[in-house]
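Input: a single structure, listed below in structure tokens.
The values are calculated or read from the model by the stated rules, or taken from the named source; none is laboratory data. Keep in mind the model is a prediction, meaning the values are calculated, not measured. No Cβ is skipped: glycine too gets one built from the backbone with ideal geometry, and neighbour counts run over all protein chains shown.
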Amino acid sequence: MHKKSSMILIYVLLILVSATMLVPFAWMVLTAFKTVSESTQVDPFVIFPGKWRLDNFETVIEAMNFVRLYINTILLIALRVFCAVLTATLSGYAFARLQFKGKNLMFSLVLLQMMIPGQIFIIPQYVMVSKLHWTNSIWGLLFPGLVTAFGTFLLRQAFMGLPRDLEEAARLDGCNIPQTFLFVMSPLTKSSMVALGIFTAVFAYKELMWPMIVCPDSKQTTLASALAKMQGQYASNYPELMAAALIACIPMIVLYLLFQKQFIEGIATSGGKL
Amino acid sequence: MNKKTTAREKNEFLWGWIFILPTMIGLVVLNIYPMLQTIYQSFFKTGDFGKGNIFVGLANYRKVFGDAEVWQSLWNTIKYAIVEVPLSVAIALILAVFLNQKIKGRSAFRTIFFLPMVVAPAAVAMVWKWLYNSQFGLLNHVLPMKRNWVSDPKIAIYSIAVIGIWSVIGYNMVLFLAGLQEVPRDYYEAAAIDGAGGVTQFFHITIPLISPTMFFVVVTRVIAAMQVFDLIFMVIDANNPALKKTQSLVYLFYDYSFNQGNKGYGATVVVVLLVVIALLTVLQMIGQKKWVHYS
């Protein structure tokens, strides 16, 4: 009896927390379909929109050029994921499995980067981007994500977990180092590569300060930073703001629901970097 | 034999460097050089209209130590962290313990709790700002008390910390769930035979055995909380009366460097942040001996 009542209590608490997590999303959806007067009516308080209108979505898609923002964000994610996975797999393998002079010193630089708050890099990175005339361009957005210390560390751990015999066998079969890496070892770290890819994608999608600094032009920037800009312009039109926020969130939420396991593992391995 | 080893060593040296070269060039250009440059910059003042750098020695640092706004921002940041970290860790741990049992809908709960992690903080902050709206917001309509959640300087930083907690609970919980999988089931069975109830088990088995995970989560959460920016930037407008009582060190850094064009002072603020975070991390490293049990 005691066991049963405590289980009921646990379910009640879990459902309450779930509701707390979901209410803001529900309120975003409901508000996005309301008119301004419905959203600001207090007596009586309006919960559901009188009619499910798409007007707010049409207005913000037009005004914000959302198609362009999507293209920018997807392109940024694709380039960042490609660069991160490629460079981190190469360097992770070398740090885990090859012996060479200077390795420890170089690896300590990787660790140093991971330990330092990212804001310390931003001013000089911005100065470089503006000297290269890459502001308001995809190259400026991509710039800090060309390589990844965290990814290098993650892939190094993955390679270190693989058995030594594999490499020995590959070497006896006449594989040289790049062949061993490419055909024997790297395919076995696929799950870590996926984790790094997802982490990189979510990070690029969520990032706010860098795109605001480097792409102040709202046509060239990412979804997140365009939302910030929009909030400044449409300060009190919450139905339109919520419609914009919803459009910006939906694709990542759908991807998350489809690939939950990979998302949770990918982000959870990030070790607090997000 | 000896010669062969040398050839192999040479080969490994060559390929090792080829493999790490892209990463190392990137790290030096994008991180190591900028880090040194920022520290260097903190000894300069940016001239009027962003022109020229004037060497001012330690003047920026002296100014930081006498700058009430910087102290207030440090205090705001600490207040945010003091609320966000312990609450998000405690709630996440309890939820993880709940979900570590045979529970129906376990993965559905996990999916829901983790959901805020895949949403841009910019969007999260917009929704919460709307929920907090003093005239038309859902909170003031549902709750018995009416508050200016994000414009009252006394409570605004805590309202923002609530958004931070809401955002990060699921993430902490997933880390705890992974830690709990390592705790052997028979410990609980043995305790149950000895008559220990759920709460006793939690404090005497779960907490000590999961303390390494807790330590990791707390250290990384403190580092992240000390860098809070997105939520504050999105929720607090430039003319919000609570701005001075909510702006964090990173907010101040952003404002000085990119709105006011004083990159020298911005750099100084961020170096101060670096030192504060390093200090907090070292303190926790020392403190862990008192409560973290490594098996």
For the stretch A:202-227, which positions are facing another protein chain (nearest Cβ under 7 Å), surrounded by fewer than 24 Cβ atoms within 10 Å (Cβ to Cβ) and either farther than 19 Å from A:Tyr70 by Cβ or among the aliphatic types (A, V, I, L, M) (or both)?
A:Val202, A:Leu208, A:Met209, A:Ile213
State whether the residues of the stretch A:211-227 include one that is in a helix (DSSP H, G or I), within 15 Å of the chain's Cα centre (by Cα) and free of Cβ contacts under 8 Å to residues at least 24 places away in the same chain.
yes
Taking the stretch A:65-106 only, how many residues are more than 9 Å from chain B (Cβ to nearest Cβ), without any contact (Cβ under 8 Å) to a residue 40 or more places away in the chain and of a type outside the set (Gly, Ala, Ser)?
6
Would you confirm whether or not the stretch A:171-187 contains a residue that is touching a residue at least 24 places away in the same chain (Cβ under 8 Å), over 29 Å from A:Ala248 (Cβ atoms) and more than 10 Å from every other protein chain (Cβ to nearest Cβ)?
yes
Scan the helices (runs of 4 or more DSSP H) fully inside the stretch B:176-237 and keep the ones with 1 or more residues being at pLDDT below 95 and in the same structural domain as B:Pro153 (by TED's automatic domain parsing).
B:185-193, B:198-201, B:207-226
Looking only at the stretch B:103-116, which residues are closer than 27 Å to B:Ala156 by Cα and touching a Leu at 6+ places or on another chain (Cβ under 7 Å)?
B:Ile112, B:Phe113
So if I check each of B:Gly170, B:Gly197, B:Gly164, B:Gly179, which one is surrounded by fewer than 17 Cβ atoms within 10 Å (Cβ to Cβ) and within 14 Å of chain A (Cβ to nearest Cβ)?
B:Gly197
Subset of the stretch B:242-275 [more than 13 Å from every other protein chain (Cβ to nearest Cβ), buried (at least 20 other Cβ atoms within 10 Å of the Cβ) and assigned to a helix (DSSP H, G or I)]:
B:Thr246
Go through the residues of the stretch B:122-145 one by one and say whether even a single one is free of Cβ contacts under 8 Å to residues at least 40 places away in the same chain, farther than 30 Å from B:Pro208 by Cα, among the β-branched types (Val, Ile, Thr) and within 13 Å of chain A (Cβ to nearest Cβ).
yes
Condition broken by B:Ala238, with the remaining ones in (1) more than 19 Å from A:Ile120 (Cβ to Cβ); (2) facing chain A (nearest Cβ under 10 Å); (3) in contact (Cβ under 8 Å) with a residue 12 or more places away in the chain satisfied
(3)
Quick check on my filter: what residues within the stretch A:130-147 are aliphatic (A, V, I, L, M) and surrounded by 23 or more Cβ atoms within 10 Å (Cβ to Cβ)?
A:Leu141, A:Val147
Check on B:Tyr294, farther than 26 Å from A:Pro211 by Cα, in contact (Cβ under 8 Å) with a residue 12 or more places away in the chain and more than 20 Å from the chain's Cα centre (by Cα):
yes
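Out of A:Thr20, A:Thr59, I need the residue that is surrounded by fewer than 17 Cβ atoms within 10 Å (Cβ to Cβ), in a helix (DSSP H, G or I) and either in contact with a strand residue (DSSP E or B) (Cβ under 6 Å, 6 or more places away or on another chain) or modelled with pLDDT of 95 or more (or both). Which one? Walk me through how you get there before you give the answer.
Numbers: A:Thr59 fails: either in contact with a strand residue (DSSP E or B) (Cβ under 6 Å, 6 or more places away or on another chain) or modelled with pLDDT of 95 or more (or both).
Testing whether each residue is surrounded by fewer than 17 Cβ atoms within 10 Å (Cβ to Cβ), in a helix (DSSP H, G or I) and either in contact with a strand residue (DSSP E or B) (Cβ under 6 Å, 6 or more places away or on another chain) or modelled with pLDDT of 95 or more (or both) leaves just A:Thr20.
Quick one: would you say A:Thr35 is of a type outside the set (D, E, K, R), away from chain B (no Cβ under 12 Å) and surrounded by 12 or more Cβ atoms within 10 Å (Cβ to Cβ)? Quick ask: steps written out before the conclusion?
Working: of a type outside the set (D, E, K, R): yes; away from chain B (no Cβ under 12 Å): yes; surrounded by 12 or more Cβ atoms within 10 Å (Cβ to Cβ): yes.
Yes.
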What's the number of the only condition in (1) surrounded by fewer than 21 Cβ atoms within 10 Å (Cβ to Cβ); (2) within 20 Å of the chain's Cα centre (by Cα); (3) more than 23 Å from A:Ile267 (Cβ to Cβ) that B:Ile157 fails to meet?
(1)
Taking the stretch A:129-165 and keeping only residues that are in contact with a helix residue (DSSP H, G or I) (Cβ under 6 Å, 6 or more places away or on another chain), over 26 Å from A:Gly266 (Cα atoms) and part of a helix (DSSP H, G or I), one is left with A:Val129
Going through the stretch B:213-227 one residue at a time, which ones are in contact (Cβ under 8 Å) with a residue 60 or more places away in the chain and within 11 Å of chain A (Cβ to nearest Cβ)?
B:Val217, B:Val218, B:Val219, B:Arg221, B:Val222, B:Ala225, B:Met226
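Within 22 Å of B:Val124 (Cβ to Cβ) and either outside any helix (DSSP H, G or I) or more than 9 Å from every other protein chain (Cβ to nearest Cβ) (or both): does that describe A:Leu30?
On the way: within 22 Å of B:Val124 (Cβ to Cβ): yes; either outside any helix (DSSP H, G or I) or more than 9 Å from every other protein chain (Cβ to nearest Cβ) (or both): yes.
Here the answer is yes, as A:Leu30 does meet what is asked.
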Of the residues B:Thr38, B:Thr77, B:Thr23, which is more than 10 Å from every other protein chain (Cβ to nearest Cβ), of a type in the set (Ser, Thr, Tyr), buried (at least 16 other Cβ atoms within 10 Å of the Cβ) and in a helix (DSSP H, G or I)?
B:Thr77
Taking the condition in a helix (DSSP H, G or I), surrounded by fewer than 16 Cβ atoms within 10 Å (Cβ to Cβ) and within 13 Å of chain A (Cβ to nearest Cβ), does B:Ala278 pass?
yes
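Name the residue, out of A:Ile264, A:Ile250, that is among the hydrophobic types (A, V, I, L, M, F, W, C) and either buried (at least 21 other Cβ atoms within 10 Å of the Cβ) or in contact with a helix residue (DSSP H, G or I) (Cβ under 9 Å, 6 or more places away or on another chain) (or both). Let's see the steps before the verdict.
Details: A:Ile250 fails: either buried (at least 21 other Cβ atoms within 10 Å of the Cβ) or in contact with a helix residue (DSSP H, G or I) (Cβ under 9 Å, 6 or more places away or on another chain) (or both).
Criteria check complete, one pass: A:Ile264.
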Which condition does B:Pro153 not pass, out of (1) part of a helix (DSSP H, G or I); (2) over 18 Å from B:Asp230 (Cα atoms), if it passes all the others?
(1)
